[in-house]
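Take a look at the structure below.
Read-outs: derived from the displayed coordinates by stated rules, not from any lab. All figures in this text were calculated on a predicted structure; none of them were measured in a lab. Counting neighbours? That spans all protein chains shown, and the Cβs are built from the backbone with ideal geometry, glycine included.
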Amino acid sequence: MPERPRQRFHHISSAVVSALPAKVEVVLASIAELPETEIHRVENGKIVIVLEGSSTGVIGDRLAAISLIDGVLSANMVFEQIEDLETLDDPGVTP
């Protein structure tokens, strides 16, 4: 079987999730279980998250899953950055 090509790009996105105040803790617990997803701030039912993945589709699928969590009113991407792993000058990342 042929070897899969190495991933060249890495996507980093931020999003804001709005949740019912009574369900915020449940929503936070569900988001915390997702891979490559970090919670950065929570205030008044608004949750700021950062998502990472191999493609926009992967991140979009995860954001769609977040929107289906009980208590979520909306989940909207705010920003996306695409890093080229072949030219990334970060000693902590191996292309």
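Shown here are the Rg and Dmax of the Cα trace of the range 9-84, at 11.7, 41 Å.
Under the criterion of Cα pairs below 8 Å and six or more residues apart, the relative contact order for the range 9-84 equals 50 percent. The length gained by stretching the chain between residue 68 and residue 83 to full extension, at 0.36 nm per residue less their Cα-Cα distance, is 2.6 nm. For the pair residue 44 and residue 8, a Förster radius of 35 Å applied to the C-beta separation gives a FRET efficiency near 0.35, rounded to the nearest 0.05.
Exposure proxy shown here: for 63, 20, the number of other Cβ atoms within 10 Å sets the order, fewest to most, as 20, 63. From most to least packed by mean Cβ count within 10 Å, the peptides 64-71, 37-44, 49-56 give 49-56, 64-71, 37-44.
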